[in-house]
Amino acid sequence: MIITIDGPSGTGKSTVAREVAARLQFTFFDTGAMYRSFAWKIVHDGIDPANQEKVIDALSSFHFEISFDQERAYFVNDREVTEEIRTREISMIASQIATYPEVRNHMVKLQRKFGRSCHAVFEGRDMGTIVFPDADLKIFLTAKPTVRAERRYKELINKYPDNEPLAIHQIQEELNLRDKNDTTRSISPLKAAPDAIVIDTSDSTIDEVVEKIIRLKPKTQSRFSTMKFIYWLVYSLARGFFKLFYRLKIYGEKHIQKGAGLLIANHTSFYDPPILSISCNEEVHFLARESLFKVPLLGKLIRALNTHPVTRESADINALRQMIRLLSEDKKLIIFPEGARSKTGKLHHFKPGFSFIAKKTKATIYPAFIEGAYEAWPSNKKFPSLFGKVTCVFGSPILWEEFEHLPKDEIEKHVIERCMHAIEDLKLWLEKGAQGMPP
Ligand code: DC
């Protein structure tokens with residue numbers, strides 16, 4: 001589950017978000033710290049923050065890490081920067097470099113990557129609008145400008161008691177300037193998402209705001225409660241069958257998030273569609289030739305598992321339309337981009353159909369690798385062997401933003417290459433002993 005808390009500084013955002021995360025036992029992500037850490041690097045490398053080109057170049061050597069031990073610590077290229085990123089100078093530079101689209105794209109990718117692996121509270125400026133538009137709960141905090149300036153004043157005095165205190169009007173001016181940067185930048189400006197709940201914190205205590213957010217948190221649903229009964233029944237039976245006879249093992253299910261998605265995998269066996277669908281912990285959809293629906297038991301089974309028939313005469317156009325419709329309804333769709341089952345068990349070059357769908361719908365792509373299905377039921381055998389070992393590995397989502405900057409006519413080629421590599425990487429990860437989360 002993801003909760004986003006956005007808003008300008010001085011609204012109590014960080015304290016509230018940290019406390020909400022602690023009370024819910026979620027991981028807390030302060031995304032401002034990422035922009036600040038990058039700003040620190042810019043200063044450290046002696047780069048002029050106004051030199052956009054140099055700043056963007058520096059992204060390639062920016063390695064950011066968070067240590068989640070008792071005290072949160074931030075590292076840039078192995079150097080701890082936790083304290084140093086909180087200065088006024090860094091605040092101003094962070095706000096300036098955060099207006100550069102390449103910097104934002106880079107941070108958005110990092111943030112989504114962090115968000116994939118755990119229940120989390122993300123605090124920032126564009127969490128609900130851009131980074132996690134499907135977040136389970138979106139909060140936008142505001143406060144009167146005078147209250148915000150006063151809070152910042154107290155914070156600075158507490159943090160740096162030895163420094164000459166700034167006049168409150170000076171703090172107000174700095175806040176105004178950062179607000180201007182944050183709200184007027186052309187890319188992902190600071191604003192509340194249309195479905196965010198706006199809370200004015202001017203006259204509330206931290207505790208009151210935290211309580212309110214916790215009350216608003218949606219109840220977690222078990223994966224079964226979201227499935228229709230017939231799907232759940234066939235899903236559970238098929239899962240039991242594959243666990244019993246084929247020792248089915250699943251990795252990386254946590255990579256799969258809410259919303260539209262294209263699940264793509266290698267295809268070597270009749271077993272691939274059921275293996276992929278039962279490995280996913282929500283309902284998925286796929287298309288199949290109409291003739292398959294005429295096979296007595298199989299027809300009923302695959303219909304129950306959300307298979308949609310494609311007629312032969314108008315196969316291509318009909319299939320494309322159906323796929324686009326399913327994705328626009330936020331469904332998950334399985335596609336085997338090789339087009340047909342591989343006769344050798346090896347990965348074949350992908351056909352462009354799925355990349356066209358990806359381009360058209362901008363759906364997230366989930367690469368998956370299925371191992372053992374070929375041995376269990378190769379394409380040249382009429383019947384499967386009754387025992388074996390099958391594994392399904394889901395990799396990190398491939399987000400549409402990765403391709404957005406490319407020339408239009410090159411996008412599909414890049415999508416295909418990226419997806420083929422992703423599946424090969426999953427195979428490699430499995431061969432190397434399946435340590436940690438799949439890539
Ligand atoms: O929340 P903060 O003051 O630590 O953030 C520092 C700067 O980083 C802020 O001026 C704007 C930028 N920022 C952003 O643009 N998007 C985010 N999600 C978080 C911070």
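The values are calculated or read from the model by the stated rules, or taken from the named source; none is laboratory data. If you're wondering where the values come from, they're calculated on a predicted model, not measured in any experiment. We place every Cβ from the backbone using ideal geometry, glycine too, and count neighbours over all the protein chains shown. Surface areas here come from the heavy atoms of the whole protein model, side chains and all, with no ligands, DNA or RNA. Shrake-Rupley method; radii C 1.70, N 1.55, O 1.52, S 1.80 Å.
Scan segment 47-64 for residues that are open to solvent by 70 Å² or more (accessible area, probe 1.4 Å) and without any contact (Cβ under 8 Å) to a residue 12 or more places away in the chain and jot them down. Can you show your working first?
Keep residues of segment 47-64 that are open to solvent by 70 Å² or more (accessible area, probe 1.4 Å), which gives 48, 52-54, 57, 60, 63.
Of everything in segment 47-64, those that are open to solvent by 70 Å² or more (accessible area, probe 1.4 Å) and without any contact (Cβ under 8 Å) to a residue 12 or more places away in the chain turn out to be D48, E53, K54, D57, S60.
In this structure, V103 does not qualify as within 25 Å of T146 (Cα to Cα) and buried (at least 20 other Cβ atoms within 10 Å of the Cβ).
Name the one entry in E338, E375, E410 that is without any contact (Cβ under 8 Å) to a residue 12 or more places away in the chain and of a type in the set (D, E). Write out each step before concluding.
Values: E338 fails: without any contact (Cβ under 8 Å) to a residue 12 or more places away in the chain; E375 fails: without any contact (Cβ under 8 Å) to a residue 12 or more places away in the chain.
Just a single option satisfies the conditions, and that option is E410.
Only residues that are in a strand (DSSP E or B), modelled with pLDDT of 95 or more and away from the ligand (no atom under 14 Å from the Cβ): list them for segment 1-50, please. Passing the criteria: only I3.
Does A120 satisfy being touching a His at 6+ places or on another chain (Cβ under 9 Å) and away from the ligand (no atom under 13 Å from the Cβ)? Considered against the rule, which asks whether it is touching a His at 6+ places or on another chain (Cβ under 9 Å) and away from the ligand (no atom under 13 Å from the Cβ), A120 comes out as no. Having 2 or more residues that are within 24 Å of the chain's Cα centre (by Cα) is the bar; report the helices (runs of 4 or more DSSP H) wholly within segment 284-375 that clear it. By residue number, 315-328, 353-361.
Do we have G433 as buried (at least 16 other Cβ atoms within 10 Å of the Cβ) and under 30 Å from R247 (Cβ atoms) here? Spelling it out, it is not the case that G433 is buried (at least 16 other Cβ atoms within 10 Å of the Cβ) and under 30 Å from R247 (Cβ atoms).
As a summary of the residue check, A94 satisfies the conditions (1) open to solvent by 30 Å² or more (accessible area, probe 1.4 Å); (2) assigned to a helix (DSSP H, G or I) except for the one numbered (1). You will find that of V81, V55, V121, V76, the residue that is closer than 23 Å to I256 by Cβ and modelled with pLDDT of 90 or more is V121 and no other.
Checked against (1) touching a strand residue (DSSP E or B) at 6+ places or on another chain (Cβ under 8 Å); (2) surrounded by 12 or more Cβ atoms within 10 Å (Cβ to Cβ); (3) in contact (Cβ under 8 Å) with a residue 24 or more places away in the chain, F68 passes all but condition (2). Of everything in segment 78-106 that is touching a Ser or Thr at 6+ places or on another chain (Cβ under 7 Å) and either more than 30 Å from D330 (Cβ to Cβ) or of a type in the set (A, V, I, L, M) (or both), the residue that is farthest from the ligand (Cβ to nearest atom) is V81.
If you take the residues of segment 345-358 that are open to solvent by 70 Å² or more (accessible area, probe 1.4 Å) and out of contact with any Gly (no Cβ under 9 Å at 6 or more places or on another chain), which of them is modelled with the highest pLDDT?
Of the residues in segment 345-358, the ones open to solvent by 70 Å² or more (accessible area, probe 1.4 Å) are 346, 348-349, 351-352, 356.
Checking the rest, the ones that are also out of contact with any Gly (no Cβ under 9 Å at 6 or more places or on another chain) come to 346, 349, 352, 356.
On the way: K346: 86, H349: 91, P352: 82, F356: 87.
Only one residue tops the list, namely H349.
Restricting to segment 380-402, name every residue that is in contact with a Lys or Arg (Cβ under 9 Å, 6 or more places away or on another chain) and among the aromatic types (F, W, Y). Lay out the reasoning, then the answer.
Looking only at segment 380-402, we keep the residues that are in contact with a Lys or Arg (Cβ under 9 Å, 6 or more places away or on another chain), and these are 380, 387-394, 396-402.
Passing the criteria: F387, F394, W400.
Given the structure, is I256 within 30 Å of G115 (Cβ to Cβ), at pLDDT 85 or above and surrounded by 18 or more Cβ atoms within 10 Å (Cβ to Cβ)? No.
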